[in-house]
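Below you'll find the structure, written out as structure tokens, and then a few comments.
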Amino acid sequence: MAVAVANRQRRVAVPAARLARAARAALAAVGRAGGDVEVLVVGDDEIRRLNAAWRGVRRRTDVLAFPLCIPNAPSPLVGQVVISADAARRQARRLRVPLPLELDLLVTHGVLHLVGYDDRNPGEARLMHARERQILASDRRRVPARLWTGLLE
């Protein structure tokens, strides 16, 4: 599996190797261990532009996912996850968790979107967030409960 991380912003220090590990762990957990994913880290302005262009939502967000797998084709390509480093930093500060842990959650969330998880309604969101908890806990990280604060708000 190939995970490429591209950091296209300079305001927030981003641990690229850790992001790649988190993406690989999420891929393995959903049965796509051989999948290829690109993780793109941008600032608020760029994620706002992408959100408007691709979703018609003219506001910033923390993570976007662009699935790229081709149905019925033997391709390892899974897709691209775009993370706002600015949003990750704000959320980490608000929740009082380390920034790398918030980034782990965002990349895991993005990978789950790539393979079909959705969080647009409360029932599906609960399933998706339970899977995120399971994936992050399986990596033997100490995950403070406050990381999950606000996920369903």
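What the table below lists for this structure:
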{"item": "Residues whose placed amide H lies under 5 Å from that of L77, excluding near-sequence neighbours", "result": "D36"}
{"item": "The chain - charge dipole about Cα centre, Lys and Arg +1 at Cβ, Asp and Glu -1, debye rounded to 20", "result": "560"}
{"item": "Spherically averaged projected area of the range 3-148 from its Cα convex hull (nm²)", "result": "8.6"}
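None of the figures in this text is laboratory data; all of them are computed from the coordinates on show. Because the structure is predicted, anything quoted here is derived from the model rather than measured. Heads up, the Cβs are rebuilt from the backbone with ideal geometry, glycines too, and the neighbour counts pull from every protein chain shown.
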